[in-house]
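A.B. asks: Dropping the structure in here first, questions after.
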């Protein structure tokens with residue numbers, strides 16, 4: 001891949017990802033990237049990288065039913081705008097046999113599931129913690145049933161703690177006044193493909209396949225029905241965006257962005273297609289890997305520091321009451337200026353009700 005194409009991909013995607021706090025609000029940020037991984041603190045920090053998120057805002061959006069946590073791409077749980085939830089669900093829905101296998105793995109029969117399902121739904125007319133659901137239903141297996149119901153989007157999860165997952169479960173019908181069904185699968189997949197190319201493109205078929213959890217053949221079939229163009233080396237983009245892509249402005253070289261683990265951007269591309277984000281030799285430091293799979297094919301994107309839209313190191317944090325020690329590990333050959341990182345990390349700490357203390361870790365080998 002040419003340097004010119006890599007830089008153009010980086011500049012275009014950086015802006016489409018709404019990095020640099022470019023989104024007008026949290027819902028606009030969500031819709032720009034289809035959804036963010038729902039676990040905390042990933043969800044709030046992914047939004048903070050894209051908008052001016054305030055400490056109580058995410059909880060307010062959930063309480064106002066403007067965002068929901070649902071199963072989505074790659075069978076993972078996502079926080080998405082309620083308006084987009086039916087399409088995401090229809091495009092990524094799993095066969096009923098997959099749900100049955102979850103029950104068997106948990107030692108439950110379908111008959112027991114059906115009996116407990118109604119009890120769980122009756123017990124979750126308002127948000128409840130798992131232990132409360134078990135007590136209400138009178139059976140510890142009710143928690144497994146609630147999980148399976150959540151995979152079918154018949155139960156939703158809400159969270160009021162920005163730092164960690166502290167989930168309560170609620171019946172979808174009771175929470176929203178409706179179910180999240182009704183979209184045609186084929187139409188929803190075309191919508192998902194178009195949204196992917198809008199927010200993450202230009203991208204290859206392999207990248208869409210990786211992100212959506214589809215086979216390469218399925219991904220290619222979805223994209224072939226869209227109005228797209230190859231802008232070079234197999235990278236596809238919607239026709240309406242091709243002209244603007246050719247003249248996209250570069251990113252300011254000193255622009256700093258801090259992404260959490262599993263950010264929408266880091267999780268968007270197949271292992272062989274991440275050059276716009278980082279150098280190939282740094283992939284093993286930016287993603288987890290499986291034994292025998294150099295290049296990070298396990299797919300878990302680690303927390304990253306971006307400078308000029310390019311990953312230059314990873315970071316980690318912990319909480320000590322209202323203190324948030326942060327350790328930053330630059331990639332080999334990269335220099336990191338702690339003074340330049342102070343404001344971005346204090347912004348993160350403020351969202352979490354803390355104050356950050358930064359230090360450099362030994363440079364990763």
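Bear in mind that the values in this text are calculations on the coordinates, not laboratory data. Note that the coordinates shown come from a computational prediction; the quantities given were computed from them, not determined experimentally. Note that we place each Cβ from the backbone using ideal geometry, even for glycine, and neighbour counts take in every protein chain shown.
A.B. asks: Quick one: work out the % antiparallel among DSSP beta bridges in region 256-360, nearest 5.
C.D. replies: Here the share of antiparallel DSSP bridges comes out near 75 percent.
A.B. asks: Where does each of 38, 316, 209, 289 land when they are ranked from fewest to most other beta-carbon atoms within 10 angstrom?
C.D. replies: Working: 38 23, 316 13, 209 20, 289 17.
The most exposed by this proxy come first: 316, 289, 209, 38.
A.B. asks: Shifting gears a bit: Quick one: if the Förster radius is 30 Å, what FRET efficiency do residue 135 and residue 65 give, using the C-beta to C-beta distance and rounding to 0.05?
C.D. replies: After rounding to 0.05, the efficiency reads 0.70.
A.B. asks: Here's another thing I want to ask about it. Using the number of other C-beta atoms within 10 angstrom as an exposure proxy, rank 362, 157, 50 with the fewest first. Kindly include the intermediate steps, with their values, before the conclusion.
C.D. replies: Values: 362 8, 157 20, 50 28.
Arranged by neighbour count, lowest to highest, 362, 157, 50 become 362, 157, 50.
A.B. asks: Right, here's the next one. Taking only Cα atoms and a 10 Å spring cutoff, compute GNM fluctuations for the chain and point out the largest among 18, 110, 352.
C.D. replies: Of 18, 110, 352, the Gaussian network model singles out 110 as fluctuating most.
A.B. asks: Where does the chain land at 222 nm, in deg cm²/dmol rounded to the nearest 500, when only DSSP H runs of n ≥ 4 count, each adding -39500 (n - 2.57), divided by all residues?
C.D. replies: Computed ellipticity for the chain at 222 nm equals -11500 deg cm²/dmol.
A.B. asks: Name the shape class, rounded, prolate or oblate, that the alpha-carbon gyration tensor gives for region 196-289, where a ≥ b ≥ c are the square roots of its eigenvalues, rounded holds for a/c under 1.5, and otherwise prolate holds if a/b is larger than b/c and oblate otherwise.
C.D. replies: Verdict is oblate for region 196-289.
A.B. asks: Could you give the length gained on full extension between residue 100 and residue 52, defined as 0.36 nm per residue of separation minus the Cα-Cα distance, in nm?
C.D. replies: 13.1 nm
A.B. asks: Sticking with this structure for a sec: Springs between alpha-carbon atoms under 10 Å, Gaussian network over the chain: tell me which of 308, 138, 299 tops the mean-square fluctuations.
C.D. replies: Comparing 308, 138, 299 in a Gaussian network model of the chain, the most mobile one is 138.
A.B. asks: Using a Gaussian network for the chain with springs between C-alpha atoms less than 10 Å apart, which of these wobbles most: 253, 301, 353?
C.D. replies: 253
A.B. asks: Further question: Order the peptides 57-63, 184-190, 254-260 from the highest to the lowest mean number of other Cβ atoms within 10 Å of their residues.
C.D. replies: 254-260, 57-63, 184-190
A.B. asks: Follow-up question, since we're still on this one. If a/c stays under 1.5 just call it rounded; otherwise compare a/b with b/c (prolate if a/b is bigger, oblate if not). Do that for region 244-365, with a ≥ b ≥ c from the square roots of the Cα gyration tensor eigenvalues.
C.D. replies: Oblate is the answer for region 244-365, as a/c is 1.5 or above yet b/c matches or exceeds a/b.
A.B. asks: May I ask for the distance between the Cα centers of region 1-28 and region 123-176, given as a whole number of Å?
C.D. replies: Going from one Cα centre to the other spans 36 Å.
A.B. asks: Cα centroids of region 199-236 and region 39-62: how far apart, whole angstrom?
C.D. replies: 29 Å
A.B. asks: Here are several values of semi-axes √(5λ) of the Cα gyration tensor in Å: (1) 27, 23, 20; (2) 34, 26, 19; (3) 59, 20, 16. Which one was derived from the coordinates shown?
C.D. replies: (2)
A.B. asks: Which shape class, rounded, prolate or oblate, goes with region 15-73 when its Cα gyration tensor gives a ≥ b ≥ c as root eigenvalues, a/c under 1.5 marks rounded, and past that a/b bigger than b/c marks prolate? Don't skip to the end; give the middle numbers.
C.D. replies: Details: a/c = 1.57, a/b = 1.20, b/c = 1.31.
It is oblate, given that a/c is not under 1.5 and a/b is not larger than b/c.
A.B. asks: Also, I was wondering about something else. If packing is taken as the average count of other Cβ atoms within 10 Å, what order do 26-37, 237-248, 220-231 fall into, highest mean first?
C.D. replies: So the order, starting with the most tightly packed, is 26-37, 220-231, 237-248.
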